[in-house]
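Undergrad: My questions will all concern the structure given below.
The values are calculated or read from the model by the stated rules, or taken from the named source; none is laboratory data. As the structure is a prediction and not an experimental result, all values here were calculated from the model. All Cβ positions, glycine included, derive from the backbone under ideal geometry; neighbour counts span all protein chains shown. Note: accessible area is taken over every heavy atom of the protein model, side chains too, but ligands, DNA and RNA are not part of it. Shrake-Rupley method; radii C 1.70, N 1.55, O 1.52, S 1.80 Å.
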Amino acid sequence: AGGVAAATTSTTLLLVRHGETQANAAGVLQGQSESQLTARGRAQAAAVGIALRSRLSAAGVRVAPVVYTSDLSRAADTAQALADALGAGGQPPSARWFCSHMTQCHLS
């Protein structure tokens, strides 16, 4: 009664896989090997960014997202497309974006 309401915050974590790569298109498993995005992969990344921007806007989210990526070019290029669409870009990915431990892990 008469107390101050506590402010609530939430964090949403979204995981996005990179777009199609040259290796994907050729049916080759790439693991940690470098493989560039195809034109289709670049379009996929841009489309995901646009869809996320639309959903975040519809949900009333006004804070620019933070984007992290592994240092593989396919992941960094996908992250850049997302950041550009979400308004978190403006400049090329910097060292602060890259997390060398953000690679696939094998669970057995």
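Undergrad: For residues that are free of Cβ contacts under 8 Å to residues at least 12 places away in the same chain and part of a helix (DSSP H, G or I), scanning just the stretch 45-62, find the one that is farthest from Thr12 (Cα to Cα).
TA: Result: Ala47.
Undergrad: What pairs come up if the first residue lies in the stretch 72-88 and is under 23 Å from Gly31 (Cβ atoms), the second is open to solvent by 20 Å² or more (accessible area, probe 1.4 Å) and of a type in the set (Phe, Trp, Tyr), and their beta carbons are under 8 Å apart, counting only those six or more places apart or on different chains?
TA: Ala76/Phe98; Ala79/Tyr68
Undergrad: How many of the residues making up the stretch 54-98 are modelled with pLDDT under 60 and surrounded by 12 or more Cβ atoms within 10 Å (Cβ to Cβ)?
TA: Initial filter on the stretch 54-98 (modelled with pLDDT under 60): 89-98.
When the remaining residues are screened for being surrounded by 12 or more Cβ atoms within 10 Å (Cβ to Cβ), the result is 89, 93, 97-98.
Within the stretch 54-98, residues that are modelled with pLDDT under 60 and surrounded by 12 or more Cβ atoms within 10 Å (Cβ to Cβ) number 4.
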